[in-house]
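Report on one structure; see the data block that follows.
The values are calculated or read from the model by the stated rules, or taken from the named source; none is laboratory data. None of these values were measured; they are calculated from a predicted model. Neighbour counts are summed over all protein chains in view; Cβ atoms, including those assigned to glycine, are modelled from backbone coordinates with ideal geometry. To get the accessible areas, we keep the full protein, side chains included, count just its heavy atoms, and leave off ligands, DNA and RNA. Shrake-Rupley method; radii C 1.70, N 1.55, O 1.52, S 1.80 Å.
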Amino acid sequence: MAGTAVKPDGLEEIRARIMSDPALILDDKDVMRVLVSASERGMGDNIVDLRGLAMERLEARLDRLEETHRAVIAAAYENLSGTNQIHRAILRMLDPDQFEDFLRDLGGDVAEILRVDAIKLVLESPTATPDPALDRISNVLCVVAPGFIDSYMSAGRAQHSGRQVILRQAIPSTDQLYGERSSELRSEACMRLDLGAQRLGGMLVMASDNPHMFKPGQGTDLLAFFAGIFERSMRRWLA
């Protein structure tokens, strides 16, 4: 029995399990890291084990791939969630048979579905004057003078971009749309509306007190789709 190491209880069982299923060790990064480190220490300080270096690089690469995978999954989920929100809002928007109900739902159920704090429908008119009758119908509709929409969407700049959808984290300093709530709102989506030939411009704006709800760099495809459905609905009401 001389020269034969005595194995502790259970060690033979562990060895047998590893021999029958090496993946128990190979798939465990922490265990493999410890084994490689022990192997490097056994070789001395003057020897570089390329296997260890390769493993470190592979681990770093795997971590980056996992992080990218999580980001892609999160973006896909967010996109799917946003698509479902837009679809639900459109279906609710198409329910009313009366224009007053349409405006009321726009500022109520539709705004709630989209999780925004304010929605305004802005229409240009050459006779834009305060009208108590409009105020009684809804606080969503806002009638403005011609040229207001271009100026508002360009934030007062001399030229506007002509884009249909603009996202920003700053609300222009005017109380004309949101009134006293302007100071509470932190981000905004502006959608230009084509209401048909011989009609002045229109705009749909959504605002939130969350500064990250709308910001430059976000995708605008879903909002452009929503605006397209909305302007077609408006043409029906204006016909």
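What a 1.4 Å probe finds exposed on the range 140-239 is 49% carbon and sulfur by accessible area, rounded to a whole percent.
What FRET efficiency comes out for the pair ARG17/LEU58, r = Cβ-Cβ distance, R0 = 22 Å, nearest 0.05?
Details: r = 25 Å, r/R0 = 1.15.
Computed FRET efficiency for ARG17 and LEU58: 0.30.
Backbone amide hydrogens, once placed in the peptide plane, bring LEU94 within less than 5 Å of nothing, excluding anything fewer than 5 places away on its chain.
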